[in-house]
Each structure stands twice: as C-alpha cells, then as structure tokens.
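Novice: The following block contains the structure, expressed as structure tokens.
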Amino acid sequence: MSAKRASEADSLQQALGVVLEGLAFYELAQIVSADTRVKVTFEDLGRRKAAQRKRLEELTGPAAKDAAFYPNLYPLDAVSKAECYVCGHVVDTRSMPNQCPKCGTARYTFEKEIALTKAWEIAGETSRRSAETLRDLAGKSTGKAKEVLAALSTEDQALADEAGKELAELRS
Ligand SMILES: [Zn+2]
C-alpha cells in the first residue's frame, strides 16, 4: 500500500469515527431524554448518522469495526449515564432499567429534561464542526473517498443550517 493510499484509509477511518460518535450520542440522547418531541428529534438525527455510516462502511469494508470515536465533538458524557432523581442511583444509559433497582421508582426517574432548543443547539454546533472535520478529511483523499467525504460534509453543513432555522423558530 502506498503512503497516499494509507493516508486515505486513515481519513476514511477518522471520518467513520466522527460519524460513529454522532450516532452513539444521538442514540443515548434519545434513550435518556424525557420529552417526546426531543426524543423524536434525536431519533431523526441518529437516522441521518446511521445513513452516513452505511455510506462510509461501503468504502472502508471490515476495517470499519476498528474506528475509534474522533475527534470528540459530541457531549457524550452528558448522556452516557443516567441518575435516578429520587435516590441518586446511577446506571449506564444503554442498560437503563424499567424501574430503579435501588428505590423502585419507574423508569422516568432516570430521564433527563433536555429542552428542544438544547437539542438543536447541540445538533447545530456538532454538525458545523463535523462538516469542517469531514471537509478536511476530504481534502486529504482522492476519487470515490473524496467524493463521499465531501458529500457528508455538505450534508452536515446543511444540518447545521437547518438547526439554526429550528432555533430561530423556537425562539421567536
Ligand atoms: Zn432510585
């Protein structure tokens, strides 16, 4: 493998890391948020990341499984754990129980009040930075990889713009 091709493979792995981090964040945020409209919004944002992952995995093949989250754009810490607001018991969001194992209160006790404005703020900020990162990675690539990375960057820029519009509407 030439140096050029090696660096191109790195770019694809890094891009996949960006997308996988976003996907993980939106999945966790969807589970942990209390408000239905916020859940639906995170779910939709997660679907878009899943579609991006699919496009990248078509290029990376089996190496895809090794992609590490990169470059930490998303506030994963804010959603990876959930705390019972009655007794303070902490669980992993992915294994959130139907009732608190310590105090017995129903599942909603672990859910977080994330406002829709906050959801769009996060989507806007992370999409803008993700678009920049993907654009840089596209610049280091050629051919099909460049094309796909540039397309994903454009998608994320469009999502950042969409988030701006949603926020303007919510605040008006
Ligand atoms: Zn509890």
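Novice: Check whether at least one residue in segment 93-101 is within 13 Å of Phe25 (Cα to Cα) and either away from the ligand (no atom under 16 Å from the Cβ) or without any contact (Cβ under 8 Å) to a residue 60 or more places away in the chain (or both), and report yes or no.
Specialist: yes
Novice: Give the number of residues within segment 113-127 that are within 15 Å of Leu73 (Cα to Cα) and either surrounded by 18 or more Cβ atoms within 10 Å (Cβ to Cβ) or in contact (Cβ under 8 Å) with a residue 60 or more places away in the chain (or both).
Specialist: 7
Novice: Would you say Ala131 is of a type in the set (A, V, I, L, M, F, W, C), more than 16 Å from the ligand (Cβ to nearest atom) and without any contact (Cβ under 8 Å) to a residue 40 or more places away in the chain?
Specialist: yes
Novice: Would you please name the residue that is surrounded by the most Cβ atoms within 10 Å (Cβ to Cβ), looking only at residues in segment 59-103 that are among the small types (Gly, Ala, Ser) and under 25 Å from Ser11 (Cα atoms)?
Specialist: As a first pass, look at segment 59-103 and keep what is among the small types (Gly, Ala, Ser): 61, 63-64, 67-68, 78, 80, 82, 88, 95.
In the following step, the residues that additionally are under 25 Å from Ser11 (Cα atoms) were identified as 61, 63-64, 67-68.
Numbers: Gly61: 9, Ala63: 13, Ala64: 16, Ala67: 21, Ala68: 11.
Across segment 59-103, the extreme among qualifying residues is Ala67.
Novice: OK, next. Just give me the residues in segment 102-116 being of a type in the set (A, V, I, L, M, F, W, C) and more than 11 Å from the ligand (Cβ to nearest atom), in sequence order. First the steps, then the outcome.
Specialist: Step one: of segment 102-116, the residues of a type in the set (A, V, I, L, M, F, W, C) are 103, 106, 110, 114-116.
Those that are of a type in the set (A, V, I, L, M, F, W, C) and more than 11 Å from the ligand (Cβ to nearest atom): Ile114, Ala115, Leu116.
Novice: Right, another one. If we keep just the residues of segment 64-92 that are among the hydroxyl-bearing types (Ser, Thr, Tyr) and under 18 Å from Tyr26 (Cα atoms), which is farthest from the ligand (Cβ to nearest atom)?
Specialist: If we take residues in segment 64-92 being among the hydroxyl-bearing types (Ser, Thr, Tyr) and under 18 Å from Tyr26 (Cα atoms), then Tyr70 is farthest from the ligand (Cβ to nearest atom).
We did not get these values from a lab; they are worked out from the coordinates using the rules stated. Quick caveat: nothing in here was measured; it's all calculated off a predicted structure. Ideal geometry is used to build each Cβ from the backbone, glycine not excepted, and the neighbour counts take in all protein chains shown.
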